[in-house]
Protein chains: 4
Amino acid sequence: MRFSVGCEIGYDVAESATLIFNIEAMHGGRQRVLSETLTITPKIAADEKTSEESGNRYLRLTAPKGLVQLRYAAEIELDPLHQAPAKLDEVPIATLPLETLPFLNPSRYCPSDQLARFATRQFGSIEPGFGRVVEICNWINAEVDYLSGTSDTTTTAADTFSLRAGVCRDFAHLGITFCRALGIPARFVSCYAWQLEPQDFHAVFEAYLGDRWYLFDPTRMAALDGMVRIGCGRDAADTAFATIYGQVLPQPIKVWSEAIDGDKNEEWTTDAVSVVRE
Amino acid sequence: MRFSVGCEIGYDVAESATLIFNIEAMHGGRQRVLSETLTITPKIAADEKTSEESGNRYLRLTAPKGLVQLRYAAEIELDPLHQAPAKLDEVPIATLPLETLPFLNPSRYCPSDQLARFATRQFGSIEPGFGRVVEICNWINAEVDYLSGTSDTTTTAADTFSLRAGVCRDFAHLGITFCRALGIPARFVSCYAWQLEPQDFHAVFEAYLGDRWYLFDPTRMAALDGMVRIGCGRDAADTAFATIYGQVLPQPIKVWSEAIDGDKNEEWTTDAVSVVRE
Amino acid sequence: MRFSVGCEIGYDVAESATLIFNIEAMHGGRQRVLSETLTITPKIAADEKTSEESGNRYLRLTAPKGLVQLRYAAEIELDPLHQAPAKLDEVPIATLPLETLPFLNPSRYCPSDQLARFATRQFGSIEPGFGRVVEICNWINAEVDYLSGTSDTTTTAADTFSLRAGVCRDFAHLGITFCRALGIPARFVSCYAWQLEPQDFHAVFEAYLGDRWYLFDPTRMAALDGMVRIGCGRDAADTAFATIYGQVLPQPIKVWSEAIDGDKNEEWTTDAVSVVRE
Amino acid sequence: MRFSVGCEIGYDVAESATLIFNIEAMHGGRQRVLSETLTITPKIAADEKTSEESGNRYLRLTAPKGLVQLRYAAEIELDPLHQAPAKLDEVPIATLPLETLPFLNPSRYCPSDQLARFATRQFGSIEPGFGRVVEICNWINAEVDYLSGTSDTTTTAADTFSLRAGVCRDFAHLGITFCRALGIPARFVSCYAWQLEPQDFHAVFEAYLGDRWYLFDPTRMAALDGMVRIGCGRDAADTAFATIYGQVLPQPIKVWSEAIDGDKNEEWTTDAVSVVRE
């Protein structure tokens, strides 16, 4: 299925600022960038690089005083792997690929050490596998209110667990935290999300099951097979769409994600969905 | 019913230290101190005073270098009010006695503001009254592990809520926190507790229902009508059995609480139990 | 010196709400309420009571759906005790009045246990007395930015210590916390503050020195002898100007404090200033 | 200079446990492993792998019930780069290698976002470069007490900042946090440390200056050019010497680090010292 995604971002720079963006769709796996355009106004030379480790594409530029605007638009082909949930087992620590181990460690927003006892009490006796991660998502969806303005950039999953309110980023952090506490590698994914209302950058997570990473969205606000992956990392600290060094005034953001050839009314899949292996 | 309670406490003082104790049984209400002896070794003049506000009895002394030991022994008559649970309603904020209002405020170890959303989600739809506080205690007893060494003097109810482990003091803090979040005045009570195994100072809480304060013990480790009240306050910060200013080495503590005329094998009451009105 | 103080507060009540206000000037000590008027619109019966313990005056009312407005205006005579700073000693724990001891305990927003080591390192070797508390205020004024929007109702003094930003309430909490950590009883005071710009409810603190409570304002935004005390307690949790049970939409607040006969251009006193003894 | 380093670690396994070790000296850069032996008792097949990203060497094994013991011994040649401090500049964000950017992000134990204002206030006006990181280390050394038992595995740099006490790991976390807050990439390094008393695994940090990573040790407990690097990552969460899945009873650990040909009495270098470029 093909999607047209993109965003418009702008900043009013006070003096001079270095900005690092992570807004471009990832290459590779079952996500193909058919075409894309990036416009920076005014024309500023930008340093572009893809992280070998994560696949995240970074765009770095130093903007002078005044307005700087980015427009990114891409056409993406998504052909995610659909797997029957019943077939997906958790992988014993003893045989997990080494590369997945850092995603068992606690991170800034996912202090899995602090919620380990709860995770074990609540989810420890559920049969391991894809279904257990679905149960984690169900729990989050049922027990946490989706509510703007209740969290900020310092909010951890332990805070969200107590507060019982948050937004997509907090939901993802909580899911990651529970997974790690149970020995399931889990990582944060930022994406363009088809059918998300209202349109914005979205945050979900991936858990390592069977032999690859599968997508999960505890908010249930978008279809798993309509997510165009942008950034991937330990938590939101690794995948900010913009990191700013200098004084700027952010302008309103516009984000879009449209199906070019899809049927908007189809039911959302309940399959296990994976876009990348590593 | 009559109880023989007491404790032996000692400190090896490095230089000189001021110590404030709150170990004596309270006077008043349905708790009568029939007799008591307090021995301080060596003989040091102690400043004794009862707080008008809380009824807590404080003993303050300045000890020189060396060992200082206290032995407190008392015979107490307890005649707690037993009430049928069904008769006890919560009191609307609009008619609560002014004196109970501070016990709705968050305190050091009971940050009721932080757990308000959870309290409302979990207990908000339960019918108000004594039964709702019992449900709170049931939840704590079921969802938190009683486990020494998991908490310390900085542990708040929000920490305990995340960690899901603690001791009597943490259980009481969590109960108080949920009550306050629901608009029920609640306060911390330290006591001698008959049948508590092993014997130690115990911590429970009181909630204001109907026209007085009723005892609750989420640990379910002792009978409510065998508790001899020592200290009462916002939380454990107000009711330390010893507060020490200076360098000391604590000696092993001995605490006891025996029924003089009681039947040890009786079943613990499920009545609402109150010792004091205010 | 005489002051005209007051406020206008309003709420749009969704259904029905119980509101508890603490906006009236305290009686007693060197603060005399010459006259005062309180208008509630619409006319709603209000329950008025003064706390014996704190002297705080509470006004409780249950408002129906719709707008409820309060207007409080008072004429106050302030005759604060001015004392030479050099004469004011800290009081040893061994001889502190019992009533002051709760103000050594950590509270919701003043976790003095958490900042004890820093307080001792930074202020421990300063000569005890009034001057030491002044040094604490100087430190706060120099090391913390006064900045709206950096803190909220969950912010503790430990948070402010790390963040290095806050408003009057945070400044007061930090001062209280350091004092308690050093063994100096300290409490939170809300007040009308002459010459405060812009006018609003102000927050300062009192420390117990010599034989009474002295005012301190780490923000240095108003004169100590122009403060009309409203509420007094362990911290901001005890002195909210409004506590609301029910759904309401707050209206803009207006607060004023004018000198009736004072000389606006006088230099602010550097004396030790006390309004109440207990 | 050549060093003989190693450790003996043991666990009594209750049932069966998977253990992941990171105790072997890293290969590469100016650190050469001349020889090494690893003995596992009983003989258990171990899965060995080196992370491409960090260079950390992981050893994974699944041990049956009973005692499992590891003995690692190696002879290491260290030829660290010594650089004159004055020559080392900080690198503008605009030209930092992409690979260093994740080390600007906050992590589990290094919440650089929370201490940003303090870092800027305290260190912001110091001339950028090697000397500024030295000033950070000086500050930590002067303002934080090195004290066992004051921190645990949940302690963050923000906690240490408030508590003003910790051990080597906490000192390193605080140094990393301040660097990141100032825009200097910084990462955690575990090592064998010559002349450390008493011998144990040591924790220090690296900051990226000029064109490579330089070592810093705010504890000042060992010489920078006598540190044999073991693990490297965002913070202690990435570099645990042992991660255990299963129930085990740890046995006493033995760690050693001896100079084979060095002069123990030489003064510690004040040069900038670097072992690896990336």
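Computed about the Cα centre, the dipole magnitude for the protein assembly as shown is approximately 0 debye when only Lys and Arg (+1) and Asp and Glu (-1) carry charge, each at its Cβ. Around the Cα centre of region B:82-239, unit charges on the Cβ atoms of Lys, Arg, Asp and Glu (plus for the first two, minus for the last two) sum to a dipole of about 240 debye. Residue-normalised convex hull volume from the C-alpha trace of region D:134-182: 65 Å³ per residue. Highest GNM mean-square fluctuation among D:223, D:237, D:94, for chain D modelled with Cα contacts below 10 Å: D:94. Looking at the protein assembly as shown, the DSSP beta bridges with both ends there are about 95 percent antiparallel.
May I ask you to give the solvent-accessible area per residue for chain A, in square angstrom, as obtained with a 1.4 angstrom probe?
Details: 11110 Å² over 278 residues.
Ligands and nucleic acids excluded, the figure is 40 Å² per residue.
Between residue D:221 and residue C:36, the distance separating the two model label sites (each 7 Å from Cα on the Cα→Cβ line) works out to 5.8 nm. Only protein heavy atoms count here; on that basis, with a 1.4 Å probe, residue D:20 has an accessible area of about 10 Å².
Counting heavy atoms of the protein chains alone, residue D:214 has an accessible area of about 0 Å² for a 1.4 Å probe. Its Cα gyration tensor gives the protein assembly as shown an equivalent ellipsoid, and the semi-axes of that ellipsoid, as √(5λ) in whole Å with the largest first, are 50, 36, 33. For region B:158-278, rounded, prolate or oblate, judged on the Cα gyration tensor with a ≥ b ≥ c (square roots of eigenvalues), a/c < 1.5 rounded, else prolate if a/b > b/c? Because a/c hits 1.5 or more and a/b fails to exceed b/c, region B:158-278 counts as oblate.
Placing pseudo-labels 7 Å out from each Cα toward the beta carbon at residue A:14 and residue C:135 gives an inter-label distance of 3.5 nm. Classify region D:43-95 from the C-alpha gyration tensor, please: rounded if a/c falls under 1.5, else prolate or oblate depending on whether a/b exceeds b/c. Prolate, because a/c is 1.5 or more and a/b exceeds b/c. When a/c reaches 1.5 or more, the comparison of a/b and b/c decides; with that in mind, is region C:1-154 rounded, prolate or oblate per its Cα gyration tensor? The shape class here is prolate.
How far, in degrees from 0 to 90, does helix D:168-181 lean away from the longest principal axis of the Cα atoms of chain D, to the nearest 10? Around 40 degrees separate the two axes. With both residues required to sit in region A:1-61, DSSP beta bridges show an antiparallel share near 100%. If R0 is taken as 30 Å, the Cβ-Cβ distance between residue C:266 and residue C:27 corresponds to a FRET efficiency of 0.70.
State the extension gain, in nm to one decimal, for the chain segment bounded by residue D:95 and residue D:197, taking 0.36 nm per residue of separation less the distance between their alpha-carbons. Working shown, then result.
Numbers: separation 102, 0.36 × 102 = 36.72 nm, distance 3.98 nm.
My answer for the length gained is 32.7 nm.
Centre-to-centre, using Cα atoms only, region D:62-116 and region A:1-69 are separated by 29 Å.
Comparing A:183, A:231, A:246 in a Gaussian network model of chain A (Cα springs below 10 Å), the most mobile by mean-square fluctuation is A:246. In loop segments of region C:177-271 as defined by DSSP, the GluC sites (Glu not before Pro) with at most 10 further C-beta atoms inside 10 Å of their C-beta are C:267.
Compare D:209, A:163 by solvent-accessible area with a 1.4 Å probe and give them largest first, with all protein chains kept in place. Could the numbers behind the result be given before it?
On the way: D:209 0, A:163 60 Å².
The residues order as A:163, D:209, largest area first.
Cα centroid separation, region C:227-264 to region B:132-166: 36 Å. The C-alpha radius of gyration of region C:60-134, expressed as a fraction of 2.2 N^0.38 Å, stands at 1.79.
Label-point distances for residue A:277 to the equivalent site in the other copies, using a point 7 angstrom along Cα→C-beta, read 3.2, 7.9, 8.5 nm when ranked shortest first. Given Cα positions, please report Rg to Rh for chain D, the hydrodynamic radius being the Kirkwood one. Ratio of gyration radius to Kirkwood radius for chain D: 0.97. Across the accessible surface of region B:82-239, with the other protein chains kept in place and a 1.4 Å probe, carbon and sulfur atoms take up 51 percent.
Each residue was assigned an accessible area with a 1.4 Å probe, and for residue A:26 the value is about 10 Å². Rg/Rh, computed from the Cα trace of region C:199-245 with Rh as the Kirkwood radius, has the value 0.98. Just so you know, the Cα atoms of region B:8-60 work out to an Rg and Dmax of 13.0, 42 Å. Bridge orientation summary for chain B: considering DSSP beta bridges with both residues in this region, about 95 percent are antiparallel. For the residue pairs C:65/C:254; B:43/B:65; A:43/A:65; A:43/A:254, the C-alpha atoms sit more than 18 angstrom apart in C:65/C:254; A:43/A:254. Dividing the Cα radius of gyration of region B:82-239 by its Kirkwood radius returns 0.93 for Rg/Rh. For the residues A:205, A:130, A:178, a GNM of chain A with alpha-carbon springs under 10 Å puts the largest fluctuation on A:130. Buried accessible area for the B:C pair, summed, 1.4 Å probe, in Å² rounded to 100? The contact between C and B buries close to 2500 Å².
Averaged across B:116-128, how many Cβ atoms of other chains sit within 10 Å of each residue's Cβ atom?
Values: counts 3, 8, 7, 1, 1, 6, 2, 0, 0, 0, 0, 0, 0.
So the per-residue partner count for this stretch is 2.
The values are calculated or read from the model by the stated rules, or taken from the named source; none is laboratory data. What you see is a predicted model, and the numbers here were worked out from it, not measured in a lab. No Cβ is skipped: glycine too gets one built from the backbone with ideal geometry, and neighbour counts run over all protein chains shown. Heads up: the accessible areas ignore ligands, DNA and RNA and are worked out on the full protein's heavy atoms, side chains in. Shrake-Rupley method; radii C 1.70, N 1.55, O 1.52, S 1.80 Å.
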